[in-house]
Amino acid sequence: MPSTLIHNIRSLVTNDPALGRGPLGLVEDAAVVIEGEHIAWVGPGDRAPQADAAHDARGRAVLPGFVDSHSHLVFGGDRTQEFNARMSGRAYEAGGIRTTVAATRAASDEELAANLARYLREALQQGTTTFETKSGYGLTVEDEARAVRLASEQTSEVTYLGAHIVSPDYADDPAGYVDLVTGEMLRACAPYARWIDVFCEKGAFDGDQARAVLTAGRAEGLIPRVHANQLSHGPGVQLAVELDAASADHCTHLTDADVDALAAGNTVATLLPGAEFSTRAAWPDARRLLDAGVTVALSTDCNPGSSFTSSMPFCVALAVRDMGMTPDEAVWSATAGGARALRRTDIGRVTPGARADLALLDAPSHVHLAYRPGVPLVRAVWRNGVLAV
Ligand SMILES: [Zn+2]
């Protein structure tokens, strides 16, 4: 198996406290050996073994590739006008999704696949090596099945989100739509998906409907995750913990009981600051969650309506500036935290045996991701051991 030595790394984030300093397991003046698709060796540069090839990091920082555990990238059209209107004083409502539903249904398979490939490439260039993406803009059996099938051709982390909003076709019969989502649509989508998700919110699905969706998905072998407590207080977070969902996403409006439930349970709180940024909404309080002992992930929520960014570095900067996270915490949440939210142990860390997914920054430290917001710092990316950027 061909091996590559990456040497002269000024600062390496391993996310393994056994390998280095602090929760990030920081190693200074480090080296990494990649063998095939995996990390074979990590340690101080002066003790690095020989390899077939060498890559000089030239005194810059290396960290695990970002794990973006929440996006909606199977869509047609865009929502420039809605964004422009909102930034000119109009409030955001969940119903804006209907615009994208119409455009997605009208798009060809080729258009949807090309769109998805474009945004995955864009994210890769910014250091994202693992990408979850969802259906949810089809809302018919055929259109949802098409979305998860197209997504499964480009990523292994696919989520069935038939329960994004009640389909406009069922405006007078939401119970009938839940029957469809938990019945025929679920059976058509489950073969292509790993996860099931529901938007538990006023104007979307209430607690009882969300429970029906998630338990039906579980019976088909899918693992729950929940859009919870984004726009208002509600039952989403506690339902997620009760059903052992991998992640409760958004978590912007939380009671003390919600925070306690997350701290006691196995469910990751995934914060999506791009959504609050793009809708001028109140920020989720990451500090409160971290201080309570909750595992926090950061993700882009990349979608054409409420958060049209594919940039994990941007989300790290927002989390530090506006959500009370330290740079170390934000970088951990964007890498190891995302891996937890996807229940993966092979990514989000730079340790022997892990997948060789790495980002090399044009900066001496991971802190620069927050210190230099908006600057394209990702210089090189290895994915599955291959230099991809
Ligand atoms: Zn979302």
Looking at region 243-294, I'd like the Rg to Rh ratio, where Rg is from alpha-carbon atoms and Rh is Kirkwood's inverse mean 1/r. 0.97
When a/c is below 1.5 the answer is rounded, else prolate if a/b is larger than b/c, else oblate, so apply that to region 323-378 with a ≥ b ≥ c taken from the square roots of the Cα gyration tensor eigenvalues. oblate
The helix 207-219 Cα axis meets the longest alpha-carbon principal axis of the chain at an angle in degrees, between 0 and 90 and rounded to 10, of 60 degrees
Can you tell me the relative contact order of the chain? Whole percent, Cα pairs under 8 Å, sequence separation 6 or more. 20 percent
Trypsin sites (Lys or Arg not before Pro) within region 318-389, DSSP loop, no more than 16 other Cβ atoms inside 10 Å: R343
Relative contact order (%) - region 1-95, alpha-carbon pairs under 8 angstrom, separation at least six: 29 percent
Pick from P64, P49, P174 the residue whose mean-square fluctuation is largest in a GNM of the chain, springs joining Cα atoms under 10 Å. P49
Express as a percent, rounded to the nearest 5, the fraction of DSSP beta bridges in region 1-138 (both residues included) that run antiparallel. 60 percent
Treating only the Cβ atoms of Lys and Arg (+1) and Asp and Glu (-1) as charged, compute the dipole magnitude of the chain about its Cα centre; round to the nearest 20 debye. 920 debye
With contacts defined as alpha carbon pairs under 8 Å and 6 or more residues apart, what's the relative contact order of region 180-274 in percent? 23 percent
Acute angle (nearest 10 degrees) that the helix 141-152 long axis makes with the longest principal axis of the chain, alpha-carbon atoms: 0 degrees
The distance between the Cα centres of region 123-145 and region 5-61, in whole Å, is 32 Å
Between helix 97-106 and the chain: long-axis angle, C-alpha atoms, 0 to 90°, nearest 10: 90 degrees
Measuring from centroid to centroid over Cα atoms, what is the spacing of region 150-216 and region 363-389 in Å? 35 Å
Looking at the square roots a ≥ b ≥ c of the eigenvalues of the Cα gyration tensor of region 278-358, which shape do they give, rounded for a/c under 1.5, prolate if a/b is larger than b/c, or oblate? oblate
Considering only DSSP states other than H, G, I, E and B, which trypsin sites (Lys or Arg not before Pro) in region 62-159 qualify as loop sites with at most 12 other Cβ atoms within 10 Å? R90
Most to least packed among 31-43, 240-252, 15-27 [average Cβ atoms within 10 Å]: 240-252, 31-43, 15-27
I want to verify the translational diffusion coefficient of the chain in µm²/s; compute it with Stokes-Einstein, Rh as the Kirkwood radius over Cα pairs, at 25 °C and 0.890 mPa s. 117 µm²/s
Among the DSSP beta bridges whose two residues both lie in the chain, what percent are antiparallel, rounded to the nearest 5? 45 percent
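Shape verdict for region 84-184, please, from the Cα gyration tensor: rounded (a/c under 1.5), prolate (a/b greater than b/c) or oblate.
Verdict is oblate for region 84-184.
Since every read-out is calculated from the coordinates, none of them should be taken as a lab result. Here the structure is a predicted model, which means the values were calculated and not measured. We place every Cβ from the backbone using ideal geometry, glycine too, and count neighbours over all the protein chains shown.
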